[in-house]
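Beneath this line is the structure, given in structure tokens, with notes to follow.
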Number of protein chains: 2
Amino acid sequence: MATAGAIEVDPALRRRLSKLTGATGSPEVDKHGVQFTRNARDYKAGQAIAFEGEEVASVLCVLDGWISLSKTLEDGERQIIDFGLPGDIVTAVAADGTTSCLEVDALTDVTVAALSHADWERRQSASPELREMADHLAAASHARLSERMLRLGKGSAPVRIAYALLELCVRLRSIGQTQDHTFHLPLTQQHLGEFTGLSSVHVCRTLRRLSRQQIIQTEDHLDIKIIDLAALSGIAGIGPDRLQAEIVPAPMPTILAPGNG
Amino acid sequence: MATAGAIEVDPALRRRLSKLTGATGSPEVDKHGVQFTRNARDYKAGQAIAFEGEEVASVLCVLDGWISLSKTLEDGERQIIDFGLPGDIVTAVAADGTTSCLEVDALTDVTVAALSHADWERRQSASPELREMADHLAAASHARLSERMLRLGKGSAPVRIAYALLELCVRLRSIGQTQDHTFHLPLTQQHLGEFTGLSSVHVCRTLRRLSRQQIIQTEDHLDIKIIDLAALSGIAGIGPDRLQAEIVPAPMPTILAPGNG
DNA sequence: CGACCTTTTGAAACGATTCAATACTGGTGG
DNA sequence: CCACCAGTATTGAATCGTTTCAAAAGGTCG
């Protein structure tokens, strides 16, 4: 597998995505002994995957690792619009259908499958389940943006940070990457600032305050443990259950069934 | 027509939507002389159309007038996530597919057609053009949220206000509701504050400053005339042309053609 | 006309940013 | 192995932009 150690992906997730996109995240060996991957490409942490304004493939499927979708203002200030986690399907095209309206970057080593508009359409037409899954993922993405926008516009720093941690916890939980409200974020405080619209300095202060209040515990630069989930939810203004219903796409049993892997 | 005076809708737009949704915005008279409308419902300005957390129809088509899509924090602070203008198709459902993750309100008298998930699916399956149009509208909506989120997170008050005016100008232009960069917003400064994440007081100050700088001209509570488009674009950090490509769905000649009306 | 909502402006208070200095981390090469 | 480096985290102090509070003016409607 391309991605080194840190992130272990749920095999069911990978199976689902491989089936849907025709991509094989891990290299296969053909009959001549040559390694290849179908559709999927690997990128190293920190690498740019797509630039704003560039012509892009219609759809990106994240097979492995984290990507960030961001935009920058003329003065260089960057806003992370969303994170792409394993299992996410990202459409970064603008309304004109051809150019990207977002910059896409690899936060960790990642494996990403890029599909053309035509290819994506073909696959969706062939599989109503895929279409439904894509619709759910899009609805989840939209709901995430809305929740975040609410807090960007009207929330204080603690609200934004608490919400960000809660959102990422819920999303990671849904793909099996948390244990008892403990999880790792492959981010710097700078990233978290770009995500929450705060300066990295203020992110630091706010995290330390939450830490001193025994609401979270941090280790090793953003290994997060949520100690007091109720308190964190209280600050964020939403609980994990309602948040999950809103921003995590419902599992698709048909597609996830072992027989389809 | 249900909507009084202020907003005149492009007949082509209404034709397009009526065909797609099966709704007739204006009352029809059946053979018994009884007035009726199919699917579409009218709401008065200020009326709530849907509440957050409520079970909702999957899709709302705005036939006439403005609606706002908003969320509120526990302390009562509200953020307007997006406006729905004539011709927009709004899906307010959360990822769970059943409940609304947004509050929907009528800003003017409006005519809105509500479609169930099943109905919407059926229509999309029957018409690839409809599916494509819906995809474009969704991409446009996503691009709008992204642009706005960038400025909510990283932009100063003038940037946010300038962008909001520019976005609304571009959107209104695309449905024929501007004349020479002059347009009417059916909003209060309070609304504009909820849209831009600013207090209404600061919206006022910022508008007056833009006005004093001869960049815009305001009359009659939010009749806006953009005098210096270049300057406004400069502040907003994006020009009208690029913005239009990003956030306005491409017209669909097949559907808009008179023969299909 | 009065009641109510919206806009406008000033002054004080608050929260977040910026600047700056120090400490910590992991990786590199002598 | 240690020294060094660049990037990151942490903390304090000063500054800045926005909010809040308050008061007055304008508009609309019964």
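The values are calculated or read from the model by the stated rules, or taken from the named source; none is laboratory data. The shown structure was predicted, so the numbers you read here are calculated from the model rather than taken from an experiment. All Cβ positions, even for glycine, are placed from backbone atoms using ideal geometry, and neighbour counts span all protein chains on display.
Some notes on this structure:
- Residue that is nearest to the other protein chains (Cβ to nearest Cβ) [pool: residues in region A:68-87 that are assigned to a strand (DSSP E or B) and within 8 Å of the chain's Cα centre (by Cα)]: A:82
- Across region A:183-199, the number of residues qualifying as within 8 Å of DNA strand C (Cβ to nearest atom) and free of Cβ contacts under 8 Å to residues at least 24 places away in the same chain comes to 2.
- Matching residues, region B:219-237, being surrounded by fewer than 16 Cβ atoms within 10 Å (Cβ to Cβ) and at pLDDT below 95: B:219, B:220, B:221, B:223
- In summary, residue A:169 fulfils each of the numbered conditions (1) within 13 Å of chain B (Cβ to nearest Cβ); (2) touching a strand residue (DSSP E or B) at 6+ places or on another chain (Cβ under 7 Å); (3) at pLDDT 90 or above with the single exception of condition (1).
- Considering region A:139-157, and only residues there that are touching a Cys at 6+ places or on another chain (Cβ under 9 Å) and small (Gly, Ala, Ser), the residue that is nearest to residue B:151 (Cα to Cα) turns out to be A:146.
- Residues in region B:178-190 that are more than 14 Å from DNA strand D (Cβ to nearest atom) and not in a loop (DSSP other than H, G, I, E, B): B:179, B:182, B:183.
- Verdict on residue A:59 being surrounded by 23 or more Cβ atoms within 10 Å (Cβ to Cβ) and within 13 Å of chain B (Cβ to nearest Cβ): no
- Any hit, region A:217-224, residues being away from DNA strand C (no atom under 11 Å from the Cβ), in contact with a strand residue (DSSP E or B) (Cβ under 8 Å, 6 or more places away or on another chain), outside any helix (DSSP H, G or I) and aliphatic (A, V, I, L, M): yes
- Residue A:153 meets each of the listed conditions (1) in a helix (DSSP H, G or I); (2) in contact with a strand residue (DSSP E or B) (Cβ under 8 Å, 6 or more places away or on another chain); (3) more than 30 Å from residue B:203 (Cα to Cα) apart from (3).
- Search result, residues across region B:192-213 that are away from DNA strand D (no atom under 14 Å from the Cβ) and in contact with a strand residue (DSSP E or B) (Cβ under 9 Å, 6 or more places away or on another chain): B:211
- Selection status of residue A:108, within 16 Å of residue A:187 (Cβ to Cβ) and β-branched (Val, Ile, Thr): yes
- Of all residues in region B:166-182 being on the phi > 0 side of the Ramachandran plot and in contact with a Lys or Arg (Cβ under 9 Å, 6 or more places away or on another chain), the one that is farthest from DNA strand C (Cβ to nearest atom): B:180
- Of all residues in region B:228-251, exactly one satisfies the criterion of being among the polar types (S, T, N, Q) and over 24 Å from residue B:86 (Cβ atoms), namely B:233.
- Of the residues making up region A:113-137, those that are within 11 Å of chain B (Cβ to nearest Cβ) and under 14 Å from residue B:135 (Cβ atoms) are A:117, A:120, A:121, A:124, A:125, A:131, A:134, A:135, A:137.
- Flag for residue A:203 being away from chain B (no Cβ under 12 Å), at pLDDT 95 or above and within 16 Å of DNA strand C (Cβ to nearest atom): yes
- Filtering A:139, A:118 for residues that are modelled with pLDDT of 90 or more and not hydroxyl-bearing (Ser, Thr, Tyr) leaves a single hit, A:139.
- Region A:63-81, subset surrounded by fewer than 23 Cβ atoms within 10 Å (Cβ to Cβ) and acidic (Asp, Glu), residue modelled with the highest pLDDT: A:77
Yes/no per residue for (1) closer than 16 Å to residue A:60 by Cβ; (2) outside the structural domain of residue A:194 (by TED's automatic domain parsing); (3) assigned to a helix (DSSP H, G or I):
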position: A:95; (1), (2), (3): no, yes, no
position: A:108; (1), (2), (3): yes, yes, no
position: A:113; (1), (2), (3): yes, yes, no
position: A:122; (1), (2), (3): no, yes, yes
position: A:132; (1), (2), (3): no, no, yes
position: A:137; (1), (2), (3): yes, no, yes
position: A:142; (1), (2), (3): no, no, yes
